[in-house]
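The values are calculated or read from the model by the stated rules, or taken from the named source; none is laboratory data. Just so you know, these numbers come straight off a predicted model, no measurement behind them. Positions of Cβ are generated from backbone atoms using ideal geometry, with glycine treated the same way; all protein chains shown enter the neighbour counts. For the accessible areas, the whole protein counts, side chains as well, though only heavy atoms, and no ligand, DNA or RNA atoms are used. Shrake-Rupley method; radii C 1.70, N 1.55, O 1.52, S 1.80 Å.
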Amino acid sequence: MHYLTPDLCDAYPEQVTVLEPMFSNFGGRDSFGGEIVTIKCFEDNSLVKSQADLPGKGKVLVVDGGGSLRCALLGDMIAENAAKSGWEGLVIYGCVRDVDVLAQTDLGVQALASHPKKTQKRGVGELNVPVTFAGVTFKPGEFIYADNNGVIVSPSALKMPE
């Protein structure tokens, strides 16, 4: 489905929370949305990799990477696995790499920046815990929507206005 965050903000002004504008679109989808699944990790994308392999239809992976600009939490191989597994997209408070391939992948990807270095794989991180960044707390089971205008969160699913 195609989402327009300005239209969702206009239709649900009391329900949506808007993230601080710091994210750029790196994925092949210019808009995406779905139920939030959270990961909290720092310079270790082990959980991102394992979650990308699981079925993700209707879901968005929200990754709190602590805002690190020292390595990438998502690259082409994990992104391709996430797309094959049906994930709608990822919002990453951190970096991505392989940006030319990400732009061709049928997956929404919003992140802070690109960085060519991969993470260490130490198996460290937390799954489905509330995470806070960009002025918003993300709770598993709530909903997130993103496009080139920005990223918004809602406690319940939203329908595009007609």
Whether any residue in the stretch 72-80 is without any contact (Cβ under 8 Å) to a residue 60 or more places away in the chain, open to solvent by less than 10 Å² (accessible area, probe 1.4 Å), among the small types (Gly, Ala, Ser) and in contact with a Gly (Cβ under 6 Å, 6 or more places away or on another chain) is what I want to check. no
Among the numbered criteria (1) open to solvent by 40 Å² or more (accessible area, probe 1.4 Å); (2) among the aliphatic types (A, V, I, L, M); (3) in a strand (DSSP E or B), which single criterion is violated by Val124? (3)
Does the stretch 42-63 hold any residues that are open to solvent by 10 Å² or more (accessible area, probe 1.4 Å), of a type outside the set (S, T, N, Q) and closer than 19 Å to Val131 by Cα, and which are they? Phe42, Glu43, Leu47, Lys49, Lys59
Within the stretch 102-135, can you find the residues that are in contact with a Leu (Cβ under 7 Å, 6 or more places away or on another chain) and either without any contact (Cβ under 8 Å) to a residue 40 or more places away in the chain or more than 14 Å from Ile92 (Cβ to Cβ) (or both)? Leu127, Gly135
Looking only at the stretch 1-41, count how many residues are buried (at least 17 other Cβ atoms within 10 Å of the Cβ) and assigned to a loop (DSSP other than H, G, I, E, B). 10
Just a yes or no: is a residue in the stretch 110-121 over 14 Å from Gly66 (Cβ atoms), part of a loop (DSSP other than H, G, I, E, B) and under 16 Å from the mean Cα position of the chain (by Cα)? no
